[in-house]
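Visitor: Let me begin by handing over the structure; questions about it come next.
The values are calculated or read from the model by the stated rules, or taken from the named source; none is laboratory data. From a predicted model like this one, the values you see are computed outputs, not experimental measurements. When we count neighbours, we look across all protein chains shown, and the Cβ atoms used for this are built from the backbone with ideal geometry, even at glycine. The protein model used for the area step is the full one, side chains on, heavy atoms only, and it has no ligands, DNA or RNA in it. Shrake-Rupley method; radii C 1.70, N 1.55, O 1.52, S 1.80 Å.
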Amino acid sequence: MDLSSVQPVLNWLNEHPQWIGISILLVAFIESLAIVGIIVPGVVLLFGIAVLAGTGVLSLTETFVWAGAGAILGDGISYYLGRHYHQKIKRIWPFSRYPTWFENGERFFKQHGGKSIAIGRFVGPIRPVIPMVAGMLDMPASRFFTINCCSAIAWAPVYTLPGYLVGASTQLAIDIPSGLLWGVVGLFCSIAILTWLLNWFCQRYLPTLSRYRLLAERYSDRRWWRTLQSQRPHVHYAFPINPCWLLLLSLTSWLLLFFVIPDSIWTTANQWVSIVLTPLEHPLLKPIFTAVGLLSEWQHISIVSLLTVGWMWHQRYRGHALVLLISISAVSIWPLLHHGMQLSLSQDHITEIISHHTLLSSLLYSQIAALIAYERPVKQQWWILYIGLLPSLLAALSLTTLNLVSFSAAISGFLLGLVLCCLCRVAISPLDRNPIHSTSSLFILLGLLLVVGGLYIHIQLNTVI
């Protein structure tokens with residue numbers, strides 16, 4: 001990456017390090033601003049400033065926060081420009097010079113809807129105009145800023161982490177091994193392959209509306225069908241067929257993996273995974289894996305659970321609140337009795353058969369995702385659930401990489417948490433009385449949970465490391 005064009009700026013920041021945080025925010029803001037982000041070499045600037053931040057001027061968390069805040073502001077202002085001027089914006093300089101960008105952006109937005117906001121952060125040809133197009137087409141502000149904030153959380157590490165690692169390695173005089181690069185590439189490729197497989201599986205095997213109607217005609221007069229179906233009209237499937245289907249799949253997988261496969265094979269698999277993940281056991285990546293792993297700690301899960309239950313109760317989703325509270329409380333009893341109240345990543349529980357960290361995180365985050373997905377079309381429900389499970393999957397990966405749990409224990413805890421989540425969804429179905437609306441309070445809850453997670457990581461990270 002050629003830094004010569006921005007070297008004077010970097011030299012000045014090197015002499016005035018107190019401005020590095022503000023400069024990251026400004027560059028991320030300009031990089032995300034409509035049209036301007038293409039003209040200014042924002043990617044090059046962010047890399048160079050992130051190198052300076054990695055020399056010890058800023059922590060990794062502070063770097064991500066400054067970058068994410070700038071990205072949110074840039075896209076937010078672009079959105080409000082489009083919402084204020086609508087089609088008139090195309091006739092205002094400098095936007096009038098790029099009419100084809102708006103045409104392509106409108107076509108892409110109409111095709112992909114809200115997903116285009118997240119995709120647009122990483123795709124060059126449409127990146128400069130998608131937030132503005134969303135405002136021009138009157139996308140609800142609450143929905144836009146929810147997607148805007150969530151995508152910025154993913155965008156900030158992608159654009160700043162490489163430079164930060166380079167800066168940290170020069171400061172610590174640590175050579176970055178080639179195996180580390182291949183390990184990171186392998187991780188992202190694995191996530192991409194898993195996403196593709198999920199999309200293929202959903203397109204081919206998900207129960208369609210016509211299949212559901214056939215099942216309803218056949219079993220709707222059965223007592224068990226009438227008992228479990230929702231009492232509220234105008235839901236996609238009155239009977240909880242998707243939770244039952246996923247329950248069968250996850251429970252069968254768990255039983256086959258841990259009651260059919262011999263322990264000797266799992267021992268070999270644990271050793272092989274440990275060897276594969278060895279390149280990721282690097283001092284530069286340890287704070288990142290530890291931060292992700294902290295999201296699965298009992299203390300953080302308890303705070304998030306209480307906030308979510310309180311929101312559900314206030315919104316009169318009493319059945320959902322009770323089921324979530326009872327399930328989290330019941331699952332928490334076992335690890336607390338086994339390990340006591342000092343349950344954290346500083347302890348080594350590698351001998352566990354089931355990882356309580358992945359069990360709790362899988363159960364909680366999948367239930368929150370299922371709550372959000374419940375009112376959405378069936379195909380969208382699975383994508384929302386997949387996104388909701390990513391924190392627990394990343395936590396399982398982080399704990400395995402840090403050698404805090406074995407691979408088999410992490411997988412077992414994840415699958416068992418998914419089984420319990422499906423059981424909770426089936427139990428909630430007959431208690432379903434009120435529609436779950438995507439109101440501003442829901443977005444406030446999600447934002448609050450993100451803030452709580454960030455604060456918890458910031459407070460606990462130095463203690464654990």
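Visitor: Only one of these is open to solvent by 30 Å² or more (accessible area, probe 1.4 Å) and either at pLDDT 85 or above or touching a Ser or Thr at 6+ places or on another chain (Cβ under 8 Å) (or both): Gln381, Gln315, Gln367, Gln347. Name it.
Guide: One residue alone meets the criteria, Gln315.
Visitor: Could you check how many residues of segment 3-28 are open to solvent by 50 Å² or more (accessible area, probe 1.4 Å), in contact with a Gly (Cβ under 8 Å, 6 or more places away or on another chain) and either modelled with pLDDT of 85 or more or under 11 Å from Leu52 (Cα atoms) (or both)?
Guide: Final tally of qualifying residues: 1.
Visitor: Can I ask one more? Looking only at segment 250-261, count every residue that is without any contact (Cβ under 8 Å) to a residue 60 or more places away in the chain and either basic (Lys, Arg) or within 24 Å of Leu399 (Cβ to Cβ) (or both) and tell me the total.
Guide: Residues of segment 250-261 without any contact (Cβ under 8 Å) to a residue 60 or more places away in the chain: 252, 255-256, 259-261.
Okay, now just the ones that are also either basic (Lys, Arg) or within 24 Å of Leu399 (Cβ to Cβ) (or both), so 255-256, 259, 261.
Result for segment 250-261: 4.
Visitor: Of a type in the set (A, V, I, L, M, F, W, C), more than 20 Å from the chain's Cα centre (by Cα), closer than 24 Å to Ile428 by Cβ and modelled with pLDDT of 80 or more: does that describe Leu360?
Guide: No; evaluated as a whole, the condition is false for this residue.
Visitor: Please go through (1) assigned to a helix (DSSP H, G or I); (2) within 15 Å of His356 (Cα to Cα) for Val405 and return the number of the only condition it doesn't satisfy.
Guide: The failed condition is (1).
Visitor: Looking at segment 386-401, which of its residues are surrounded by 21 or more Cβ atoms within 10 Å (Cβ to Cβ) and in contact (Cβ under 8 Å) with a residue 40 or more places away in the chain?
Guide: Matches in segment 386-401: Ser392, Ala395, Ala396, Leu397, Ser398, Leu399, Thr400, Thr401.
Visitor: Condition check: open to solvent by 30 Å² or more (accessible area, probe 1.4 Å), in a helix (DSSP H, G or I), at pLDDT below 65 and farther than 30 Å from Arg91 by Cα. Does Val185 satisfy that?
Guide: The answer is yes for Val185.
Visitor: Which residues, taken from segment 246-261, are in contact with a helix residue (DSSP H, G or I) (Cβ under 8 Å, 6 or more places away or on another chain) and over 19 Å from Trp382 (Cα atoms)?
Guide: Matches in segment 246-261: Trp254, Leu257, Phe258.
Residues checked against (1) at pLDDT below 65; (2) among the basic types (Lys, Arg):
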residue	(1), (2)
Trp196	no, no
Arg204	no, yes
Leu209	no, no
Leu214	no, no
Glu217	no, no
Arg222	no, yes
Arg226	no, yes
Pro233	yes, no
Tyr237	no, no
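Visitor: Among the residues in segment 447-459, are any open to solvent by less than 50 Å² (accessible area, probe 1.4 Å), touching a Cys at 6+ places or on another chain (Cβ under 9 Å) and at pLDDT 80 or above?
Guide: no
Visitor: Which condition number does Ser429 fail, the rest of (1) at pLDDT below 85; (2) more than 17 Å from Ser366 (Cα to Cα) being met?
Guide: (2)
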